[in-house]
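S.K.: What follows is a single structure, and I will ask about it in a moment.
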Amino acid sequence: MGRIVSKGDIINIVRKGQKEGKTFAATNGCFDILHIGHVRYLQKTKSFADYSIVMLNSDKSVKMLKGESRPINCEQDRAEMLTALSCVDYVVLFEEKSPAKLLEKIKPDIYTKGADYTLETLPEKDIVLKNNIKVEFIEFVQGKSTTNIIKKINN
């Protein structure tokens, strides 16, 4: 079972682990209504390293990205659900729109992003290049999204 950790703790965990030869893969997202697309994405993220880190958008951050009606589930519930997955080792919350500052502090070995991005369109491109972080792009599960679930509930 994973753990919810502070920004300071995750930085220390990663530094110590990397000194011991362990690898870390990080990703980010809102993970508002957990669905099979999320689970497969997180399983794939974990497959790249010894440990996986989810940089989770806080409620404030989700509102900035998705609008006032989101998130559906509060940050504490979303974080706890993620830590219940065997493929998630650590969850750390961030308040900004982008995980860029946190990514630069954590410096994982691998950063995963959805395949709707390329290295050229990746908002964190400068950070991953500067810090020699390998990027893996993961295909989405067709038709599976929180937005689609919300639309279905509302119809």
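S.K.: Assuming residue 53 fulfils every condition listed in (1) touching a His at 6+ places or on another chain (Cβ under 7 Å); (2) within 22 Å of residue 6 (Cβ to Cβ) apart from one, which condition is it?
M.R.: Of everything listed in (1) touching a His at 6+ places or on another chain (Cβ under 7 Å); (2) within 22 Å of residue 6 (Cβ to Cβ), residue 53 misses just condition (1).
S.K.: If you scan segment 51-105, which residues turn out to be farther than 20 Å from residue 16 by Cα and hydroxyl-bearing (Ser, Thr, Tyr)?
M.R.: Those that are farther than 20 Å from residue 16 by Cα and hydroxyl-bearing (Ser, Thr, Tyr): 58, 61, 69, 83, 86, 98.
S.K.: If you scan segment 36-53, which residues turn out to be crowded, with 20+ Cβ neighbours inside 10 Å, hydrophobic (A, V, I, L, M, F, W, C) and assigned to a helix (DSSP H, G or I)?
M.R.: Once the filter is applied, which keeps residues that are crowded, with 20+ Cβ neighbours inside 10 Å, hydrophobic (A, V, I, L, M, F, W, C) and assigned to a helix (DSSP H, G or I), segment 36-53 yields only 42.
S.K.: Can you give me the number of residues within segment 1-35 that are over 13 Å from residue 91 (Cβ atoms) and either assigned to a helix (DSSP H, G or I) or out of contact with any Phe, Trp or Tyr (no Cβ under 8 Å at 6 or more places or on another chain) (or both)?
M.R.: Total meeting the criteria: 14.
S.K.: Continuing with the same structure: Note down all Cβ pairs under 7 Å where the first residue falls in segment 142-154 and is under 10 Å from residue 35 (Cβ atoms), the second is part of a helix (DSSP H, G or I) and modelled with pLDDT of 70 or more, and they're at least six residues apart or on different chains.
M.R.: Once the first residue is under 10 Å from residue 35 (Cβ atoms) and sits in segment 142-154, its partners that are part of a helix (DSSP H, G or I) and modelled with pLDDT of 70 or more give 144/36; 144/37; 145/37.
S.K.: Using the structure shown, decide if residue 141 is of a type in the set (A, V, I, L, M, F, W, C) and more than 14 Å from the chain's Cα centre (by Cα). Quick ask: steps written out before the conclusion?
M.R.: Details: of a type in the set (A, V, I, L, M, F, W, C): yes; more than 14 Å from the chain's Cα centre (by Cα): yes.
Taking the combined requirement at face value, the residue satisfies it.
S.K.: Do we have residue 120 as of a type in the set (Asp, Glu) and either touching an Asp or Glu at 6+ places or on another chain (Cβ under 7 Å) or free of Cβ contacts under 8 Å to residues at least 12 places away in the same chain (or both) here?
M.R.: Numbers: of a type in the set (Asp, Glu): yes; either touching an Asp or Glu at 6+ places or on another chain (Cβ under 7 Å) or free of Cβ contacts under 8 Å to residues at least 12 places away in the same chain (or both): yes.
Against the criterion (of a type in the set (Asp, Glu) and either touching an Asp or Glu at 6+ places or on another chain (Cβ under 7 Å) or free of Cβ contacts under 8 Å to residues at least 12 places away in the same chain (or both)), residue 120 qualifies.
S.K.: Here's another thing I want to ask about it. I'm told residue 80 meets every condition in (1) crowded, with 17+ Cβ neighbours inside 10 Å; (2) farther than 16 Å from residue 25 by Cα except one. Can you identify the failing condition by its number?
M.R.: (1)
S.K.: Next question, about the same structure. So, in segment 83-109, of the ones that are among the small types (Gly, Ala, Ser) and within 16 Å of residue 25 (Cα to Cα), which residue ends up surrounded by the most Cβ atoms within 10 Å (Cβ to Cβ)?
M.R.: Quick first cut of segment 83-109, residues among the small types (Gly, Ala, Ser) only: 84, 86, 98, 100.
Still in the list and also within 16 Å of residue 25 (Cα to Cα): 86, 100.
Values: 86: 11, 100: 18.
Here the answer is 100.
S.K.: Out of curiosity, is residue 25 hydrophobic (A, V, I, L, M, F, W, C), within 13 Å of residue 107 (Cα to Cα) and in contact with a strand residue (DSSP E or B) (Cβ under 6 Å, 6 or more places away or on another chain)?
M.R.: Values: hydrophobic (A, V, I, L, M, F, W, C): yes; within 13 Å of residue 107 (Cα to Cα): yes; in contact with a strand residue (DSSP E or B) (Cβ under 6 Å, 6 or more places away or on another chain): yes.
Yes.
S.K.: So, residue 65, is that one within 27 Å of residue 139 (Cβ to Cβ) and surrounded by fewer than 17 Cβ atoms within 10 Å (Cβ to Cβ) or not?
M.R.: Values: within 27 Å of residue 139 (Cβ to Cβ): yes; surrounded by fewer than 17 Cβ atoms within 10 Å (Cβ to Cβ): yes.
It is true that residue 65 is within 27 Å of residue 139 (Cβ to Cβ) and surrounded by fewer than 17 Cβ atoms within 10 Å (Cβ to Cβ).
The values are calculated or read from the model by the stated rules, or taken from the named source; none is laboratory data. What you see is a predicted model; the values in this text were computed from it and never measured. Here the Cβ is made from the backbone with ideal geometry for all residues, glycine too, and neighbour counts use every protein chain on show.
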